[in-house]
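Inspection log for the structure reproduced underneath, given as structure tokens.
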Amino acid sequence: DQQVKQNSPSLSVQEGRISILNCDYTNSMFDYFLWYKKYPAEGPTFLISISSIKDKNEDGRFTVFLNKSAKHLSLHIVPSQPGDSAVYFCAASGDSWGKLQFGAGTQVVVTP
Amino acid sequence: ETGVTQTPRHLVMGMTNKKSLKCEQHLGHNAMYWYKQSAKKPLELMFVYSLEERVENNSVPSRFSPECPNSSHLFLHLHTLQPEDSALYLCASSQVRGYEAFFGQGTRLTVV
């Protein structure tokens, strides 16, 4: 049973425009959410996170929004750059060991 | 050297072989993880070690055997694998009760 879902396997966006990636979760015990970025042949790289006590966290071009009542979070990248082309994974945690549940990922392609 | 390092990067093994994957972290973390990423699927947590003790085993077949001799090193011993075990195996580390896991670059395993 997949507790973290990314329903869009791919997203294509023009350079300079906004990329919006979505993620839904089912486990109400999750209290920390993260986004990871992955290039081919590399491990995932931590991008940005948000605690359940907040509804927004911003870091440069990246902003994560959390809607707890809807069990939904999103990642906004603005402006999108060609180097942002990668697979983006949403992850959630709700235990003390830091164990992460991952979504299936969204492939983002930024075109010139 | 910093971060999480995995060796080898690529491994091809027969179904009767025995091999080991190695992971080393230089971040001072005290929890380490093995994840498996199969094609088109989310990252799946295999094992969690916290303070060198295994705290979780996600119903992984016994042909995968983890070992954590100290807080900096993690091994995954492989024996009589099946072709469906071919995948990217990722090691990660974090602080116990921390949430941001840092990943190695992974070992691309092919079982023939």
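Here are a few things to note about the model shown:
- Residue selected from segment B:27-65 under the condition among the charged types (D, E, K, R) and under 19 Å from A:Gly103 (Cβ atoms), by the criterion surrounded by the fewest Cβ atoms within 10 Å (Cβ to Cβ): B:Lys40
- Candidate set from segment A:1-10 (those that are away from chain B (no Cβ under 11 Å) and in a loop (DSSP other than H, G, I, E, B)); member that is surrounded by the fewest Cβ atoms within 10 Å (Cβ to Cβ): A:Asp1
- Taken over segment A:11-32, the criterion of being within 14 Å of another protein chain (Cβ to nearest Cβ) and at pLDDT 95 or above is satisfied by A:Cys23, A:Asp24, A:Tyr25, A:Thr26.
- Total residues in segment A:13-52, condition under 13 Å from A:Ala92 (Cα atoms) and among the β-branched types (Val, Ile, Thr): 3
- Within segment B:89-110, the set of residues being more than 22 Å from B:Leu27 (Cα to Cα) and surrounded by 19 or more Cβ atoms within 10 Å (Cβ to Cβ) comprises B:Leu109 only.
- Qualifying residue in segment B:91-102 (condition: among the basic types (Lys, Arg) and either at the interface with chain A (Cβ under 10 Å from one of its Cβ atoms) or under 12 Å from the mean Cα position of the chain (by Cα) (or both)): yes
- Annotation: B:Ser59 fulfils all but one of (1) farther than 18 Å from B:Val111 by Cβ; (2) of a type in the set (Gly, Ala, Ser); (3) in contact (Cβ under 8 Å) with a residue 40 or more places away in the chain; the unmet one is (3).
- Those residues of segment A:35-47 which are of a type outside the set (Gly, Ala, Ser), at pLDDT below 95 and out of contact with any Leu (no Cβ under 7 Å at 6 or more places or on another chain), in sequence order: A:Lys38, A:Tyr39, A:Pro40, A:Glu42, A:Pro44, A:Thr45
- Highlighted here are the strands (runs of 3 or more DSSP E) found entirely within segment A:13-112 that include at least 1 residues which are touching a residue at least 60 places away in the same chain (Cβ under 8 Å): A:19-25, A:32-38, A:86-93, A:106-111.
- Test result for B:Val96, among the β-branched types (Val, Ile, Thr), assigned to a strand (DSSP E or B) and at pLDDT below 95: no
- Qualifying positions in segment B:19-71 - within 13 Å of another protein chain (Cβ to nearest Cβ), part of a strand (DSSP E or B) and of a type in the set (D, E, K, R): B:Lys36, B:Glu44, B:Glu53, B:Arg54, B:Glu56
- All positions within segment A:34-45 that are of a type in the set (Phe, Trp, Tyr) and more than 9 Å from chain B (Cβ to nearest Cβ): A:Trp35, A:Tyr39
The values are calculated or read from the model by the stated rules, or taken from the named source; none is laboratory data. Note that the structure is predicted; figures quoted are calculated from it, not measured. Don't worry about glycine lacking a Cβ; one is built from the backbone with ideal geometry, like all the others, and counts go over all protein chains shown.
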